[in-house]
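Worksheet: the structure to be examined is printed underneath.
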Amino acid sequence: MRRSYAVIWRAGDGPIRPGKLVLGPSSFKLETGVPGGRSTTAGIRYADLASVEIAPSAERLHGRPTTLVRRSKHEPITIAALDSPGSAHEIAEGLAREVSRAGTS
């Protein structure tokens, strides 16, 4: 499984942001930036996630298959891969696997 993906993502009802999702050992990062501009990184610990699932059609980002990440104490994050439709399932499976590992450690 890959460890990084080109994505668009949104926290709660906020703006849709282009960027990159990077799966790490205890958290994942959502990196956003523009060429020649400032970049931002949001780090989210797997232990802070409540659930991970494929979002229903009504919650897709720009019509793309979308992963819905529910967090315990924060607004949910929706993530859509830009490279291939199957990547949404790959991201959801990878995040769910890491959440499961975080819960057993």
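Please treat every number below as a calculation from the coordinates, not as lab data. Model, not experiment: these values are computed from the prediction. So basically every Cβ, Gly included, is an ideal-geometry build from the backbone, and we count neighbours across all protein chains shown.
If amide hydrogens are placed 1.01 Å from N in the peptide plane, which non-local residues have theirs closer than 5 Å to the one on Gly24?
Distant-sequence amide H within range of Gly24: Lys29.
The list (1) 1.07; (2) 0.94; (3) 1.00 gives values of Rg/Rh (Cα atoms, Kirkwood Rh), and only one came from this structure; which label was calculated from it?
Of the listed options (1) 1.07; (2) 0.94; (3) 1.00, (2) comes from this structure.
Projecting each Cα onto the charge dipole of the chain (Lys/Arg +1, Asp/Glu -1 at the beta carbon, about the Cα centre), which of Thr41, Leu95, Val7 comes out farthest on the positive side?
So the residue furthest toward the plus end is Thr41.
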